[in-house]
Amino acid sequence: MNKFKTAALIILLPAMLMSCGEKPQEKSVPIKKIESRPQSPAKPDARLDANAQIEPTVKAKKRNPFANYVVSIKGPEKPKVKGPLECCDIPVFKLLAVVISPDKTFALLQAPDSKRYIVRKGDVIGTRDGKIVKFSQRSITIKELVPEEPGRPATAIETELKLPLEPEMKK
């Protein structure tokens, strides 16, 4: 193994020393000179009006330093998917039963399409995003926020759905 290294060194060393003395040849490419021509003045665009005011875009790009950063990076809001109880106004629903217990409180509602739904406190019902706020023995109370005029606070309207009266027993 040692003899092989020595033989390779003897052969390669003179080859390397011979190549060190030469300088690399540079390839030179002649550069062509291009004469510049005088340009004619640009014609004004017919679409632009000289009297038109340009809106300052710098002002639009500045952000409010006091604004909450988390709120400003939110994207467009996704449209809310409405449930089956948000199809109609509240008075068209029928209250069929109310169950009040220490563990669970819920009610059974019948929609106009004769489908029945179990609802709990906080469920959304009606076209104006009403929420169920209170259960009693014979009724449920739904609170809706109804905007009156733009810029004014919304008015809270409470609607009560009652159980139908039981028919009189015949003797």
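The values are calculated or read from the model by the stated rules, or taken from the named source; none is laboratory data. These figures come from a predicted structure and were not determined experimentally. Here Cβ is always computed from backbone atoms with ideal geometry, including for glycine, and neighbour counts include all displayed protein chains.
All conditions in (1) under 35 Å from the mean Cα position of the chain (by Cα); (2) at pLDDT below 95; (3) closer than 13 Å to LEU161 by Cα hold for LYS131, with the sole exception of (2).
Name the residues in region 144-166 that are outside any loop (DSSP other than H, G, I, E, B) and either among the acidic types (Asp, Glu) or exposed (fewer than 14 other Cβ atoms within 10 Å of the Cβ) (or both), would you?
Restricting attention to region 144-166, the residues satisfying the condition of being outside any loop (DSSP other than H, G, I, E, B) are 144-146, 155-162.
Within region 144-166, GLU144, LEU145, VAL146, THR155, ALA156, ILE157, GLU158, GLU160, LYS162 qualify.
Consider region 98-134. How many of its residues are touching a helix residue (DSSP H, G or I) at 6+ places or on another chain (Cβ under 9 Å), loosely packed, with under 11 Cβ neighbours inside 10 Å and acidic (Asp, Glu)?
1
Can you confirm whether region 110-124 contains a residue that is in contact with a Lys or Arg (Cβ under 7 Å, 6 or more places away or on another chain) and of a type in the set (Val, Ile, Thr)? Yes, region 110-124 contains a residue that is in contact with a Lys or Arg (Cβ under 7 Å, 6 or more places away or on another chain) and of a type in the set (Val, Ile, Thr).
Pairing each residue of region 95-124 that is free of Cβ contacts under 8 Å to residues at least 60 places away in the same chain with any residue that is assigned to a loop (DSSP other than H, G, I, E, B), provided the two are 6+ apart or on different chains, yields C-beta distances under 6 Å for PHE106/ARG120; LEU109/PHE93; PRO112/CYS88.
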